[in-house]
Amino acid sequence: MTEKFEPGHVVVVGAGLGGVRTIERLRAEGYSGRITLVGAEPHPPYDRPPLSKQILKGQWEPERAVLRDGPALAELDVAVRLGARAVALRGTTVELAGGGSVSGDAVVIATGVVARKLPGQPDGVYTLRTLDDALALRGVLDSARSLLVVGAGFIGAEVACAAAERGVAVTALEAGAVPCERALGAKAGALAARLFTEAGVELVCGAALSRFADARTVELSDGSRRTADAVLVSVGATPDLTWLEDAGLNTGDGLACDARGRAVGAERVWAVGDAAAWWDASRGAHRRDEHWTAVIEQAATVARDIVGADTPAAPPAYVWSDQFGMKVQTVGRTGEADEVLTLHGEGLDGGPVKGTVVGYFTGGALTGVASFGAPALFVRYRALVASGADRASVLAQAGK
Ligand SMILES: Cc1cc2nc3c(=O)[nH]c(=O)nc-3n(C[C@H](O)[C@H](O)[C@H](O)COP(=O)(O)OP(=O)(O)OC[C@H]3O[C@@H](n4cnc5c(N)ncnc54)[C@H](O)[C@@H]3O)c2cc1C
């Protein structure tokens, strides 16, 4: 049975997607107590996926990415403290930079991640995590003729795509054998590689960067140099949890939580989103996601747990990315598998990437699916991944 607990005041730290969605879900669940939202950035809470897409391309102004502005937060009856960075947690009291504090009966940590930097990365090299980062990069793309993208994961791919569409000559340097290898594995990563090159982006895989000569020039381990008008480093992110250093919590790779988002070793502290590492029973380990949909699901679970309602089991992770004119979508585990088979399309046989759907099988069961520009086909497989359907029935569904 879920323990019944009704806090009078919930303090949410981190005014991004996870923080705002948790508050929305708390109110939707009927929670009528006090809520305070503490956010380090001065901006009203905004959504990040458009940063590397519509905003970078100049299609949207920042206002369109706002999740909830002041009046919309007031409607939820939230006390909002923006431009206020949490610097420590003592029990359920959040201490703020500059000396103040906010005490609640429950705390939800949603502080996200910060873009990882490379050793010796000079000032003037760009990263992309925040609205300010996106606006700075967009400004540079207004006049730059060339861009070096270091790291060809999903965000690197989206930036390369946006810059190429804006007429900038893009070179992407990837240390791995293919782009997006962590998300797609080697076989489907080769399809991602084709998206880069077919869009006119120069893609250099196996490129080990040894140092920055300056903010516009990098040196590779083979001694060659690459230079461009601007350099973006897009090599992943690390949880923004340094403020919890003295809280006695397990913050190794994300704040360790149980399967309902309760922080391990703390009372009445929950965590959601990119900063949280929830217990994943199927893997027997804590797992940290950095995906929009996972944040939404976690926020709903935490809100229900706070008000004492039962919590649903988490569905398989779903991720999308907009790259080179198509939606790349994944569900379940797509980084590793015993077998990767074509379900639809001809991309793995050298045909068009668009329309290709691949299945990932482990022990004969479907553990993940990746789709390139085929959303209507992709949607057929989400339930099959959730149920771990066997190879024969999946191939039959694919008409094979
Ligand atoms: C450029 C970009 C594109 C993306 N595109 C996609 C996509 O296409 N598909 C997809 O599935 N996912 C995408 N994502 C991932 C998705 O946006 C994240 O998973 C989601 O934003 C995570 O939500 P969050 O609330 O955990 O963190 P955030 O949204 O990062 O919010 C955390 C907030 O906490 C604040 N904060 C940090 N430390 C403190 C502190 N000490 N005190 C107070 N506040 C603090 C931060 O300033 C920030 O505002 C993208 C992310 C980025 C950056």
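The set of residues in region 281-301 being near the ligand (Cβ under 8 Å from one of its atoms), closer than 19 Å to L26 by Cα and of a type in the set (D, E) is empty. For region 159-185, a residue qualifies if it is open to solvent by 10 Å² or more (accessible area, probe 1.4 Å) and of a type outside the set (A, V, I, L, M, F, W, C), and the qualifying residues are E165, R166, G167, T171, E174, G176, E181, R182. Put simply, of R226, R194, R182 the only residue that is outside any helix (DSSP H, G or I), among the basic types (K, R) and either under 21 Å from the mean Cα position of the chain (by Cα) or over 30 Å from V269 (Cβ atoms) (or both) is R226. The number of residues in region 340-373 that are on the phi < 0 side of the Ramachandran plot and open to solvent by 10 Å² or more (accessible area, probe 1.4 Å) comes to 13.
Taking residues in region 374-400 that are closer than 19 Å to V319 by Cβ, and partners anywhere that are open to solvent by 80 Å² or more (accessible area, probe 1.4 Å) and among the charged types (D, E, K, R), the pairs with Cβ atoms closer than 8 Å and at least 6 places apart or on different chains are A374/K354. When R81, R68, R64 are screened for being touching a residue at least 12 places away in the same chain (Cβ under 8 Å), open to solvent by 60 Å² or more (accessible area, probe 1.4 Å) and not in a helix (DSSP H, G or I), only R81 passes.
Scanning region 329-347 for residues that are within 16 Å of P375 (Cα to Cα) and not in a loop (DSSP other than H, G, I, E, B) returns Q329, T330, V331, G332, T342, L343, H344, G347.
Every condition in (1) surrounded by 15 or more Cβ atoms within 10 Å (Cβ to Cβ); (2) among the aliphatic types (A, V, I, L, M); (3) over 19 Å from the mean Cα position of the chain (by Cα); (4) not assigned by TED's automatic domain parsing to the domain that holds V149 holds for V108 except the one numbered (3).
The condition of being near the ligand (Cβ under 8 Å from one of its atoms) and open to solvent by 50 Å² or more (accessible area, probe 1.4 Å) holds for only one of E29, E41, that being E41.
When the criteria are applied in full, R34 meets the requirement of being more than 10 Å from the ligand (Cβ to nearest atom) and farther than 30 Å from A160 by Cα. With (1) within 12 Å of the ligand (Cβ to nearest atom); (2) surrounded by 20 or more Cβ atoms within 10 Å (Cβ to Cβ); (3) of a type outside the set (V, I, T) as the list, and L147 as the residue in question, which single condition is left unmet? Checking L147 against (1) within 12 Å of the ligand (Cβ to nearest atom); (2) surrounded by 20 or more Cβ atoms within 10 Å (Cβ to Cβ); (3) of a type outside the set (V, I, T), the one that fails is (1). Only residues that are more than 9 Å from the ligand (Cβ to nearest atom) and either basic (K, R) or open to solvent by 50 Å² or more (accessible area, probe 1.4 Å) (or both) were counted across region 84-105, and they come to 8. All of (1) hydroxyl-bearing (S, T, Y); (2) over 18 Å from the mean Cα position of the chain (by Cα); (3) within 21 Å of A115 (Cα to Cα) hold for T293 with one exception: (2). Residues of region 348-359 that are without any contact (Cβ under 8 Å) to a residue 12 or more places away in the chain and either part of a strand (DSSP E or B) or within 19 Å of A376 (Cα to Cα) (or both): P352 alone. Is it true that V385 is β-branched (V, I, T) and surrounded by fewer than 20 Cβ atoms within 10 Å (Cβ to Cβ)? No, not satisfied. Considered as a group, the residues in region 288-311 that are in contact with a Ser or Thr (Cβ under 7 Å, 6 or more places away or on another chain) and open to solvent by 50 Å² or more (accessible area, probe 1.4 Å) include one that is nearest to T197 (Cα to Cα), and that residue is R304. Among the residues of region 317-333, those that are away from the ligand (no atom under 13 Å from the Cβ) and buried (at least 22 other Cβ atoms within 10 Å of the Cβ) comprise F324, G332. Candidates A215, A207: the one that is in the same structural domain as A160 (by TED's automatic domain parsing), open to solvent by less than 30 Å² (accessible area, probe 1.4 Å) and free of Cβ contacts under 8 Å to residues at least 40 places away in the same chain is A207. Tell me which of these V235 doesn't satisfy, since it passes every other one: (1) within 25 Å of the chain's Cα centre (by Cα); (2) assigned to a loop (DSSP other than H, G, I, E, B); (3) more than 20 Å from P119 (Cα to Cα). Every condition holds for V235 apart from (3). Going through (1) assigned by TED's automatic domain parsing to the domain that holds W292; (2) near the ligand (Cβ under 10 Å from one of its atoms); (3) under 23 Å from the mean Cα position of the chain (by Cα) one by one, Q59 falls short only on (2).
The values are calculated or read from the model by the stated rules, or taken from the named source; none is laboratory data. Predicted model, so just to flag it, every value in this text is computed and none were measured. So basically every Cβ, Gly included, is an ideal-geometry build from the backbone, and we count neighbours across all protein chains shown. Side chains included, ligands, DNA and RNA excluded: accessible areas come from the protein's heavy atoms. Shrake-Rupley method; radii C 1.70, N 1.55, O 1.52, S 1.80 Å.
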